[in-house]
Amino acid sequence: MIRLSFLLLICFTFQLSAQNYSINVTLEQAPNKTIQLAYHYLGKIYAADKTTLDENGQGTFTGDSLLSQGLYKILVDQDHHFDFLLGADQQFSLTNPTFDGKNSIIEGAPESEAFINYMNYLSGLQQKSSTLNQAYRNADEQEKEKIANQREALDTEMQAYWATVNKKFPDSFLYKFITANYVPELDESTLPPNIVENDSLLLRAKFNYQREHYWDYFDYTDERYLYTPFYKTKVETWFEKVLYPAYDSVKPYVYQFLEDVYPNKRIFQFATSFFLNSSLNSNFMGMDALFVDLARDYYLSGEAFWATDETLEQIRENVLFLQDNLIGATAPDLTLESFDGEFINLHQIESKLTVLLIYEPNCSHCKVFIPEFYNDVYLPNKDKGLEVYAIYSMDDKEEWAEFLTKHNMFDWLNVWDPDHSSRFKIKYDGRKTPGVFLLDETKKILGKKMTIEQLQEIIAIELN
């Protein structure tokens, strides 16, 4: 009985020790220095622990609970630091005679040791690649073919190294880390000749292949990736460059991503916030529809547990100003008073295309944009089926008249709403001017927030 209790005590003590971290550090070049143990998190660096080294440059980081796995940094100051990979084994020693991470010596954490070995291997491989690239630039056609084969051999060697790591450390974060940025390329030999021989079809095939295989080597549901420099950049690249930049194309992929990461609250919070802000600030026309969907489905529904009352109020405001003027929707109808005192209904305008403008004469951008639009877009197309519903957004008719007279803009539809009873600024998001909306013959919104050049291009297509 005593022996059993003793054995149980040993097991219990071992379990406790396995749940803390203890990293013995030796930095000969930093005696008596206070150093920090820091970690990467979504592209930034945060402090996890600190210790002061003795006169021999020795010290220990220790804590009562395990640290999150990921890429960590030993930091003395902004000029003296290096990275290492922290895996499941968190009781080990780390020695570095310099501040180059490849010179680190780790004992007691095989996964972390293997990462140092990989960094040294990768450095050698990069030197070989650089030498081959230089030789390729100076080679004749026959030599280039030979060098190209040598470069392909380096890729094959790299993948063989990855396979060895995966076999030695199955299901480890090390393997996930070193392969995280690899995206397989389409093997053109698998395509039919009619696609290979057609540049546009081949480009589309490559685009679709990258979109479907972008995450093959990156498990975006794994929280450990948050503790690296590349989770955020990986998602940014996917959203901005890999997905086809159109609302209908992007939404299914974004929603599937959020569904996949939903069980992990940290990733879910980052991803939802990222997609919400990115869709609102996107340079691609129509992506604000994704913002409205995300706002309603995740924030205003209560799923965004991290959102403050102030944040929710800002989101509600944005939804209010965007929800009625999304591309593809029927433009909200307006009946506004003209400069001459008549009332003109937007939906009763008979034209192939209608541009709805919202402007104020003292807006610096409007001063340039409105006259340029009048001369370069309206005048060349007014007899081809283009009409303009130009809303003066203020309440000073004298100012309005002066502006129209100065630029001789009385031949399009000039309207206003001095008491704002129509709520046009809410229906058409008049928070910033000029506001620009292109409507088709049925008053469906074709585009908005366009430049002069974009308007010229789209209108030319629509009217011809």
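The values are calculated or read from the model by the stated rules, or taken from the named source; none is laboratory data. Since the model is a prediction, treat every value here as computed from it, not as a measurement. All Cβ positions, even for glycine, are placed from backbone atoms using ideal geometry, and neighbour counts span all protein chains on display.
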- Query: Has the stretch 200-221 got any residue that is in contact with a strand residue (DSSP E or B) (Cβ under 7 Å, 6 or more places away or on another chain), at pLDDT 95 or above and under 27 Å from A88 (Cα atoms)?
  - Reply: no
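Suppose we filter the stretch 360-380 for residues that are crowded, with 16+ Cβ neighbours inside 10 Å and out of contact with any Lys or Arg (no Cβ under 9 Å at 6 or more places or on another chain); how many remain?
So the count comes out to 9.
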- Message: One residue is enough: does the stretch 1-16 have a residue meeting the conditions surrounded by 14 or more Cβ atoms within 10 Å (Cβ to Cβ) and either modelled with pLDDT under 95 or not in a strand (DSSP E or B) (or both)?
- Response: no
- Query: In the list Y217, Y209, which residue meets the criterion of being hydroxyl-bearing (S, T, Y) and within 30 Å of L86 (Cα to Cα)?
  - Reply: Y217
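Condition first: hydrophobic (A, V, I, L, M, F, W, C) and closer than 14 Å to L357 by Cα. Now tell me which residues in the stretch 447-460 satisfy that.
Those that are hydrophobic (A, V, I, L, M, F, W, C) and closer than 14 Å to L357 by Cα: M450, I452, L455.
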- Item | Given (1) in a loop (DSSP other than H, G, I, E, B); (2) touching a residue at least 12 places away in the same chain (Cβ under 8 Å); (3) of a type outside the set (K, R), index of the condition V235 fails | (1)
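For the stretch 113-135, what are the residues that are closer than 23 Å to V183 by Cβ, without any contact (Cβ under 8 Å) to a residue 60 or more places away in the chain and surrounded by 14 or more Cβ atoms within 10 Å (Cβ to Cβ)?
Selection gives M119, Y121, L122, L125, K128, S129, L132.
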- Task: Answer with yes or no whether D417 is within 28 Å of A289 (Cα to Cα) and surrounded by 14 or more Cβ atoms within 10 Å (Cβ to Cβ).
- Result: yes
- Kindly check whether there is at least one residue in the stretch 260-276 that is in contact with a strand residue (DSSP E or B) (Cβ under 9 Å, 6 or more places away or on another chain), of a type outside the set (S, T, Y) and surrounded by 15 or more Cβ atoms within 10 Å (Cβ to Cβ). no
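Residues in the stretch 71-105 that are of a type outside the set (F, W, Y), part of a loop (DSSP other than H, G, I, E, B) and surrounded by 15 or more Cβ atoms within 10 Å (Cβ to Cβ): how many?
Residues flagged as of a type outside the set (F, W, Y), part of a loop (DSSP other than H, G, I, E, B) and surrounded by 15 or more Cβ atoms within 10 Å (Cβ to Cβ) within the stretch 71-105 amount to 6.
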- Task: With the checklist (1) part of a helix (DSSP H, G or I); (2) over 16 Å from M287 (Cβ atoms) in hand, flag the one item P229 doesn't pass.
- Result: (1)
- Query: Which helices (runs of 4 or more DSSP H) does the stretch 270-377 wholly contain that include 1 or more residues that are in contact (Cβ under 8 Å) with a residue 60 or more places away in the chain?
  - Reply: 309-322, 364-373
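Among the listed residues D395, D440, D411, D383, identify the single one that is surrounded by 14 or more Cβ atoms within 10 Å (Cβ to Cβ) and among the charged types (D, E, K, R).
Numbers: D395 fails: surrounded by 14 or more Cβ atoms within 10 Å (Cβ to Cβ); D411 fails: surrounded by 14 or more Cβ atoms within 10 Å (Cβ to Cβ); D383 fails: surrounded by 14 or more Cβ atoms within 10 Å (Cβ to Cβ).
Just a single option satisfies the conditions, and that option is D440.
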- What number of residues within the stretch 170-198 are in contact (Cβ under 8 Å) with a residue 60 or more places away in the chain and either within 20 Å of G124 (Cβ to Cβ) or assigned to a loop (DSSP other than H, G, I, E, B) (or both)? 4
- Query: Could you list, in sequence order, the residues of the stretch 182-217 that are of a type in the set (G, A, S) and either within 27 Å of the chain's Cα centre (by Cα) or under 21 Å from V250 (Cβ atoms) (or both)?
  - Reply: S200, A205
- Query: Can you name the residue in the stretch 306-345 that is of a type in the set (A, V, I, L, M) and over 24 Å from Y247 (Cβ atoms) and, of all such residues, is surrounded by the most Cβ atoms within 10 Å (Cβ to Cβ)?
  - Reply: L336
- Query: Does the stretch 338-356 contain any residue that is modelled with pLDDT of 95 or more and closer than 21 Å to Y262 by Cβ?
  - Reply: no
- Quickly run through the stretch 186-212 and pick out the residues that are hydroxyl-bearing (S, T, Y) and under 21 Å from V235 (Cβ atoms). Y209
